[in-house]
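The values are calculated or read from the model by the stated rules, or taken from the named source; none is laboratory data. What you see is a predicted model; the values in this text were computed from it and never measured. As a convention, Cβ positions derive from the backbone with ideal geometry for all residues, glycine included, and neighbour counts pool all protein chains shown. Accessible surface is based on the protein model in full, side chains and every heavy atom, while ligands, DNA and RNA are left aside. Shrake-Rupley method; radii C 1.70, N 1.55, O 1.52, S 1.80 Å.
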Amino acid sequence: MTLKKLLQVKLSSAIRPELINQLPSRYPLIGSAILIRLKKDLLPYKDIIGKAILEIEKEAKSVWLFREPTKGVFREPQIECISGDCNPIVLHKELKTKFLIDISKLTFSPGNAGERKRLVDMVRENEIIVDFFACCGNLSLPIAVNKKIKKLITVEANSYAYSFLLKNINLNKVNDVVSPFLLDNHYWSTFNIADHVLLGYLPAPDKYQVEIGIKTLKATGGILHYHWISKEDNYKENVENLIHFICSLSKKVKLLEIQKVKSVAPRKNHYVARLLVLK
């Protein structure tokens, strides 16, 4: 029986029949916390829905509800606890990596798990990776845990996220290969060093951040990982514009792949483009 069906059966006598099909069909688990989205008509039932989910999902300790879209430059989640132990600091484990996260203030997407795995598989030994939007290590920390790299440089402007990044570096015992910087990446000035540059910011990095990322790649070239959100019908146009911009910087560029990371809304997705940039 699916999670949605289990929830429907459990709540069949508590929620009006015309609303029962609007119950969520999936709810990501971050550590011991479950995050859900509810349609407006179901909000009056949020407490009993949260309690029912905890009765179904025995490994979970709390249920949190997205109130509004993520806000601000630092993409702070707008969530509230609706059931269980409401401590927002959880320990999430994935790809042999431990992530200590405050889910009430830091965005961590389980939907990016596939991208984290792809990065681990893609990076080669003795390479240098620069992550310009490190947060608490969301995308790049599993690389340091799972691969024998030369160096992972993590750049994060949010001091609160940076404090968790430091905790996670220590927790995973990768201090010898990870160099963290508390810095707005617009002011980054160490260039020609990286085999890979990660620009994992949504809805999209700005043009100057792209230019800084390109300058950070090795003089012999390297791979730029560019993340953005787009409607399904114009994501290819977005990539064409990105390539045109890179060429305007007098760089040679080859598109290696475009990967859908996850859906974020109907016909709207999070994508990553990997581009080989030759200087």
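Report, by residue number, each residue of segment 168-177 that is open to solvent by less than 20 Å² (accessible area, probe 1.4 Å) and in contact (Cβ under 8 Å) with a residue 40 or more places away in the chain. If you could, list the steps in order and put the result at the bottom.
So the first thing to find is which residues in segment 168-177 are open to solvent by less than 20 Å² (accessible area, probe 1.4 Å), and the list is 168-169, 174.
Once the filter is applied, which keeps residues that are open to solvent by less than 20 Å² (accessible area, probe 1.4 Å) and in contact (Cβ under 8 Å) with a residue 40 or more places away in the chain, segment 168-177 yields only Asn168.
Being modelled with pLDDT under 95, among the acidic types (Asp, Glu) and either within 18 Å of the chain's Cα centre (by Cα) or open to solvent by 70 Å² or more (accessible area, probe 1.4 Å) (or both): is that true of Asp206 here?
no
Quick grid of which residues meet (1) farther than 21 Å from Ala265 by Cα; (2) in contact with a helix residue (DSSP H, G or I) (Cβ under 9 Å, 6 or more places away or on another chain); (3) of a type in the set (Val, Ile, Thr):
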{"position": "Arg16", "(1), (2), (3)": "yes, yes, no"}
{"position": "Ser25", "(1), (2), (3)": "no, yes, no"}
{"position": "Leu29", "(1), (2), (3)": "no, yes, no"}
{"position": "Leu35", "(1), (2), (3)": "no, yes, no"}
{"position": "Ile79", "(1), (2), (3)": "no, no, yes"}
{"position": "Cys86", "(1), (2), (3)": "yes, no, no"}
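Got a sec? Which of Ala219, Ala273 is at negative phi and either open to solvent by 60 Å² or more (accessible area, probe 1.4 Å) or touching a Ser or Thr at 6+ places or on another chain (Cβ under 8 Å) (or both)? First the steps, then the outcome.
Details: Ala273 fails: either open to solvent by 60 Å² or more (accessible area, probe 1.4 Å) or touching a Ser or Thr at 6+ places or on another chain (Cβ under 8 Å) (or both).
On inspection, the qualifying residue turns out to be Ala219.
Pull out all pairs, ordered by first then second residue, where Cβ-Cβ is under 8 Å, the residues are six or more apart or on different chains, the first lies in segment 106-122 and is without any contact (Cβ under 8 Å) to a residue 40 or more places away in the chain, and the second is part of a helix (DSSP H, G or I).
Arg116/Pro142; Lys117/Pro142; Val120/Pro142; Val120/Ile143; Val120/Asn146
Does Glu76 count as under 30 Å from Leu182 (Cα atoms) and either at pLDDT 95 or above or touching a Ser or Thr at 6+ places or on another chain (Cβ under 7 Å) (or both)?
Yes.
Which residues, counting only those in segment 55-74, are touching a strand residue (DSSP E or B) at 6+ places or on another chain (Cβ under 8 Å) and of a type in the set (Phe, Trp, Tyr)?
Trp64, Phe66
With the structure loaded, tell me whether Lys262 is touching a residue at least 40 places away in the same chain (Cβ under 8 Å), of a type in the set (Lys, Arg) and more than 26 Å from Thr70 (Cβ to Cβ) or whether it fails that test.
On the way: touching a residue at least 40 places away in the same chain (Cβ under 8 Å): yes; of a type in the set (Lys, Arg): yes; more than 26 Å from Thr70 (Cβ to Cβ): no.
In short, no.
Somewhere in segment 30-47, is a residue touching a strand residue (DSSP E or B) at 6+ places or on another chain (Cβ under 7 Å), free of Cβ contacts under 8 Å to residues at least 40 places away in the same chain, surrounded by fewer than 19 Cβ atoms within 10 Å (Cβ to Cβ) and over 15 Å from Gly111 (Cβ atoms)?
Looking for residues that are touching a strand residue (DSSP E or B) at 6+ places or on another chain (Cβ under 7 Å), free of Cβ contacts under 8 Å to residues at least 40 places away in the same chain, surrounded by fewer than 19 Cβ atoms within 10 Å (Cβ to Cβ) and over 15 Å from Gly111 (Cβ atoms), one finds at least one in segment 30-47, hence yes.
Out of Lys148, Lys105, Lys61, Lys96, report the one residue that is of a type outside the set (Ser, Thr, Tyr), over 24 Å from Asn269 (Cβ atoms) and in contact with a Ser or Thr (Cβ under 6 Å, 6 or more places away or on another chain).
Testing whether each residue is of a type outside the set (Ser, Thr, Tyr), over 24 Å from Asn269 (Cβ atoms) and in contact with a Ser or Thr (Cβ under 6 Å, 6 or more places away or on another chain) leaves just Lys61.
Please give the strands (runs of 3 or more DSSP E) falling wholly within segment 62-167 in which 2 or more residues are buried (at least 17 other Cβ atoms within 10 Å of the Cβ) and of a type in the set (Gly, Ala, Ser).
Per the criteria, 76-84.
Could you figure out which of (1) among the hydroxyl-bearing types (Ser, Thr, Tyr); (2) open to solvent by less than 20 Å² (accessible area, probe 1.4 Å); (3) closer than 23 Å to Lys151 by Cα isn't true of Ser230?
In the conditions (1) among the hydroxyl-bearing types (Ser, Thr, Tyr); (2) open to solvent by less than 20 Å² (accessible area, probe 1.4 Å); (3) closer than 23 Å to Lys151 by Cα, Ser230 misses (3) alone.
Show the residue pairs that are 6+ apart or on different chains and have beta-carbon atoms under 7 Å apart, the first residue being within segment 62-88 and touching a residue at least 12 places away in the same chain (Cβ under 8 Å) and of a type in the set (Ser, Thr, Tyr), the second being open to solvent by 60 Å² or more (accessible area, probe 1.4 Å) and part of a strand (DSSP E or B).
Qualifying pairs under 7 Å: Thr70/Glu76.
Filter segment 168-209 for residues that are charged (D, E, K, R) and not in a helix (DSSP H, G or I); which is nearest to Glu125 (Cα to Cα)?
Taking the candidates together, the pick is Asp195.
Looking at Ser25, is it touching a Lys or Arg at 6+ places or on another chain (Cβ under 8 Å), open to solvent by 30 Å² or more (accessible area, probe 1.4 Å) and of a type outside the set (Val, Ile, Thr)?
yes
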